[in-house]
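The values are calculated or read from the model by the stated rules, or taken from the named source; none is laboratory data. Owing to the predicted nature of the structure, the values given are computational and were not obtained by experimental measurement. Ideal geometry is used to build each Cβ from the backbone, glycine not excepted, and the neighbour counts take in all protein chains shown. For the accessible areas, the whole protein counts, side chains as well, though only heavy atoms, and no ligand, DNA or RNA atoms are used. Shrake-Rupley method; radii C 1.70, N 1.55, O 1.52, S 1.80 Å.
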Amino acid sequence: MADLVTTRKRLIVFSDRSDREHLGVMYDRSWTVSNYWSLGDLGDDLACVTRWPDVPLNRQEPGFRRLFTMSHHRNVPTVLTASLDNGAKLRNRIAEQCRTAGGGRTPNFVSVDFHRLSDGSGHTPASIVAELDKGP
């Protein structure tokens, strides 16, 4: 932990269990909004819906802004399906589905399978995140 602090880096650990906070693990529903992770078996379920019915993606609270974690995974990850999903499809899903569902917010974190793979469109998970980091 001291090395993280010295290098001005931070590690944040979330859990879907609320009984871990005494260990320094934050309960994700209290700190984030998150989409349901699955693209479905065929990878065609691009809707960006909330993971938890009681925490909508566009939730706003006075004086507090939750982290927006976006997942983009197949039910069964494979190299082939990740190669199909991790390019233009990911970029378009963020722009057209998740940003809209999040009330105009851009995801703070994006999770994919096989992050080094892409569809050959010129968009990779790393380039998409770099684009998101630049802002609108």
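In the context of the full protein assembly, I12 retains an accessible surface of approximately 90 Å², using a probe radius of 1.4 Å and ignoring ligands and nucleic acids.
Mean projection of the Cα convex hull over all viewing directions, computed for the chain: 9.9 nm². In the assembled protein chains, V129 presents an accessible area of approximately 60 Å² (probe radius 1.4 Å). Shown for the chain: the carbon plus sulfur share of the solvent-accessible area, taken with all protein chains present and a 1.4 angstrom probe, equals 54%. The charge dipole of segment 1-88, taken about its Cα centre with unit charges on the Cβ atoms of Lys, Arg (+1), Asp and Glu (-1) only, comes to about 420 debye. Scaled against 2.2 N^0.38 Å for its residue count N, the alpha carbon radius of gyration of segment 81-130 is 1.08. Reported to the nearest whole Å, the Cα centre-to-centre distance from segment 119-135 to segment 26-82 is 19.
Note on K89: accessible area is roughly 50 Å² with a 1.4 Å probe, heavy atoms of protein only.
Based on DSSP H segments of at least four residues, each scored -39500 (n - 2.57), the chain has a per-residue ellipticity at 222 nm of -5500 deg cm²/dmol.
Annotation: for a label point projected 7 angstrom from Cα along Cα→Cβ of H115, residues of segment 121-136 with backbone N closer than 15 Å are 124-133.
With protein chains left intact and a 1.4 Å probe, residues in segment 1-49 average 74 Å² of accessible area per residue.
The modelled label-to-label distance between H22 and T6, using points 7 Å beyond Cα along the C-beta direction, is 3.2 nm. Considering only V110, V25, V55, the Gaussian network model of the chain with Cα springs below 10 Å gives its largest mean-square fluctuation to V25. Of the residues H22, H123, H72, ranked by 1.4 Å probe accessible area with the largest first, the sequence reads H22, H123, H72. Note on exposure: M70, M1 ranked by accessible area (1.4 Å probe, complete protein assembly) read M1, M70, with the most exposed listed first.
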